[in-house]
1. Just the residues that are within 19 Å of Ala21 (Cβ to Cβ) and of a type in the set (Val, Ile, Thr), please, taken from segment 44-66.
2. Which helices (runs of 4 or more DSSP H) sit wholly inside the chain and have at least 3 residues that are of a type in the set (Ser, Thr, Tyr) and exposed (fewer than 11 other Cβ atoms within 10 Å of the Cβ)?
Amino acid sequence: MDTISSVELAAQRQRTAEAAADAARADVELEAVAAVREGEPVEEVAEISGIDSTELQYLDKAAGDLPRG
C-alpha cells in the first residue's frame, strides 16, 4: 500500500470515529435532558453524563419537545 493510500485510510477512520463520537454525544445529551425532565436531579445527571449543569439546563430549554422512542 502506498503512503497516500495509508493517509486516506487513516483519514477515513478518523472521520468515521468523529461521526460516531458526535452521535454518541447527541444520545447522551438527549437522554440527559429526558432524565432531568422526568425529575432526576440536574447535578446528578450532569455528573453522570459529563455535561456541565448549566449546559444541561440550556439544552433542556433549547430542546423543545423531545421525540419519544
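The numbers here are math on the coordinates, done by the rules we state, and not lab data. Bear in mind that the values here come from a model prediction, so they are computed numbers and not experimental data. For neighbour counting, all protein chains shown are included, and Cβ atoms are generated from backbone atoms with ideal geometry for every residue, glycine included.
1. Once the filter is applied, which keeps residues that are within 19 Å of Ala21 (Cβ to Cβ) and of a type in the set (Val, Ile, Thr), segment 44-66 yields Ile48, Ile51.
2. In the chain, 3-37 are the helices (runs of 4 or more DSSP H) which contain 3 or more residues that are of a type in the set (Ser, Thr, Tyr) and exposed (fewer than 11 other Cβ atoms within 10 Å of the Cβ).
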